Amino acid sequence: MRIPFFQPSIGNREIEAAVSVLQSGWLTTGHKCREFEARFAEFLGGDVEAVAVNSATAGIHLAGEACGIGHGDSVLVPTLTFSATAAAFHHLGADIVFVDVDPVSLTIDLDDAERKWTPRCKAIAPVHFGGWPCDIDAVLAFARRRGLKVIEDAAHALPARRDGRLVGSSESDACIFSFYANKTITTGEGGMITTRDPVVAARTRVMRTHGLNRDAFDRFNRIGASWSYDIVAPGFKYNLTDLAAAIGVAQLERVYEFQSGRQAIAEQYLECLDDLPLDLPARAPEGGLHAWHLFPIRIRPEAAICRDDVIALLSERGIGSSVHYRPLHQMTYWRRQPCDPQGVFPVADRYFEGAITLPLFPGMRESEAREVIAVLREALGRRR
Ligand SMILES: *Cc1c(COP(=O)(O)O)cnc(C)c1O
């Protein structure tokens, strides 16, 4: 593709940081991971603990485990998300209850959550879709009334802010970020759990490395350290490497540079597409900041061209695009889930029919966005 859907921004600092870890003799979880965790917690205001993991999927799995979610429980998950949000809880034995989304923000619709709630529900997992900061205070109020845990999927949402507060610093039980190759900062693969609950922090730290009471860095790298360790739980293998963490430290320093690069392109799209038969993504609420991980549009039914033909035209012109997401309740596996067979999801279904995600990345040029806009204007029959 001449204009890719996404391209990571990796500079000399990231490359030098990775090389210096390769030369250091310690490649896996160690000093760099601790530094990345400390800087991440500090970035969020210092009042949270940050636990580095090797993916957001692993982070959601660990957070769910630490919150005690298991067989017989169910979890409220918006249908408009990536499969990992649901799969992580499903692997703990929980049933997934899909919830429709709000038509403007495309984040979980609490009225629908209310309709789908049952006494078996143990947790709710809001997704900050596309980097739009969802109304976490409303989710927390909903959850408190029903004794639910709140586990935020913030895979898109660094550095989103709502009411002046960064996503990841709320009173939820846990919030999980992704550093996958195309996320707002990247370590290739990686993730971070943030929490204010010391019990969740301690449990996820133990469970991310086999249920060991001490990690390898502790055992091998301290003067006078001893080989001995104990297994206190049947853990997983979800720790982040120092190689990835070093890249993460360098990327985190550039998080606002990246956000403002994406925001400028998003503003250009919003301004130049607003007379077309499209639904455009919502701007951040007053006092907030949109992370602009995605720029999802919806071709309205009155347009003379359907979604698939617009994608084909973009591709013909060398422009990458994507769709976020085909709702999970439409997927073969999730459709077979025993829970909520009567579930209807009119908003997510209607959005998906026309959904396209446009190219958006920090190094994207204004001229590239102009080309995307020109092809969309041509497809939708309006030039200017
Ligand atoms: C990318 C993504 C994940 C999974 O992140 P990984 O780090 O790849 O495991 C989870 N939820 C959402 C909404 C995502 O976009």
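Can you name the residue in region 104-119 that is of a type outside the set (D, E, K, R) and not in a helix (DSSP H, G or I) and, of all such residues, is most open to solvent (accessible area, probe 1.4 Å)? In this case the residue turns out to be Pro119. With the structure loaded, tell me whether Ala201 is out of contact with any strand residue (DSSP E or B) (no Cβ under 9 Å at 6 or more places or on another chain) and more than 16 Å from the ligand (Cβ to nearest atom) or whether it fails that test. In short, no.
When region 82-97 is filtered for residues that are within 14 Å of the ligand (Cβ to nearest atom) and either open to solvent by 10 Å² or more (accessible area, probe 1.4 Å) or aromatic (Phe, Trp, Tyr) (or both), the ones remaining, listed by number, are Phe82, Ser83, Ala84, Ala87, Phe89, His90, His91.
For region 288-384, the helices (runs of 4 or more DSSP H) that sit wholly inside it and include 1 or more residues that are under 19 Å from Pro8 (Cα atoms) and open to solvent by 30 Å² or more (accessible area, probe 1.4 Å) are 366-379.
Among the residues making up region 36-46, those that are farther than 17 Å from His156 by Cβ, in contact (Cβ under 8 Å) with a residue 12 or more places away in the chain and either of a type outside the set (Phe, Trp, Tyr) or within 14 Å of the ligand (Cβ to nearest atom) (or both) are Glu37, Ala38, Arg39, Ala41, Gly45.
Among the residues making up region 18-44, those that are under 18 Å from Arg196 (Cα atoms) and in contact with a strand residue (DSSP E or B) (Cβ under 7 Å, 6 or more places away or on another chain) are Phe36, Glu37, Phe40, Ala41, Leu44. Of the residues making up region 11-35, those that are in contact (Cβ under 8 Å) with a residue 40 or more places away in the chain and of a type in the set (Val, Ile, Thr) are Val21, Thr28, Thr29.
Of all the numbered requirements in (1) closer than 20 Å to Glu35 by Cβ; (2) out of contact with any Asp or Glu (no Cβ under 7 Å at 6 or more places or on another chain), Ala201 misses one, and that requirement is (2). Glu49 meets the conditions (1) within 12 Å of the ligand (Cβ to nearest atom); (2) out of contact with any Phe, Trp or Tyr (no Cβ under 9 Å at 6 or more places or on another chain) in every case but one. The failed one is (1). Only one of the numbered conditions (1) among the basic types (Lys, Arg); (2) open to solvent by less than 40 Å² (accessible area, probe 1.4 Å); (3) modelled with pLDDT of 95 or more is not met by Lys122, and that is (2).
All conditions in (1) closer than 24 Å to Ala282 by Cβ; (2) more than 16 Å from the ligand (Cβ to nearest atom); (3) open to solvent by 10 Å² or more (accessible area, probe 1.4 Å) hold for Ala143, with the sole exception of (3).
Could you please let me know if Leu270 is modelled with pLDDT of 95 or more, open to solvent by 20 Å² or more (accessible area, probe 1.4 Å) and more than 16 Å from the ligand (Cβ to nearest atom)? No: the conditions fail for Leu270. Restricting Thr332, Thr357 to those that are closer than 23 Å to Thr184 by Cα and among the β-branched types (Val, Ile, Thr) reduces the list to Thr357. Residue pairs whose Cβ atoms lie under 7 Å apart, separated by 6 or more positions or on different chains, with the first residue in region 50-73 and under 16 Å from Ala86 (Cβ atoms) and β-branched (Val, Ile, Thr) and the second open to solvent by 10 Å² or more (accessible area, probe 1.4 Å) and within 16 Å of the ligand (Cβ to nearest atom), are Thr57/Ala84; Ile60/Ala84; Ile60/Asp153; Ile69/Leu92. Scanning region 119-176 for residues that are over 27 Å from Val249 (Cβ atoms) and touching a Pro at 6+ places or on another chain (Cβ under 6 Å) yields Cys134, Val139. Residue pairs whose Cβ atoms lie under 7 Å apart, sitting 6 or more positions apart in sequence or on different chains, and linking a residue in region 258-282 that is assigned to a helix (DSSP H, G or I) to a partner that is surrounded by fewer than 19 Cβ atoms within 10 Å (Cβ to Cβ) and of a type in the set (Phe, Trp, Tyr), do not occur here.
Each row is one residue, and each column tells you yes or no for (1) acidic (Asp, Glu); (2) within 16 Å of the ligand (Cβ to nearest atom).
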| site | (1), (2) |
| --- | --- |
| Asp163 | yes, no |
| Ser170 | no, no |
| Cys175 | no, yes |
| Tyr180 | no, yes |
| Thr184 | no, yes |
| Arg196 | no, no |
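Kindly establish whether Ile136 is more than 10 Å from the ligand (Cβ to nearest atom) and within 27 Å of Glu353 (Cβ to Cβ). No.
The values are calculated or read from the model by the stated rules, or taken from the named source; none is laboratory data. These figures come from a predicted structure and were not determined experimentally. Note that each Cβ is placed from the backbone with ideal geometry, even for glycine, and that neighbours are counted across all protein chains shown. With ligands, DNA and RNA removed, areas are computed over all heavy atoms of the protein, side chains included. Shrake-Rupley method; radii C 1.70, N 1.55, O 1.52, S 1.80 Å.
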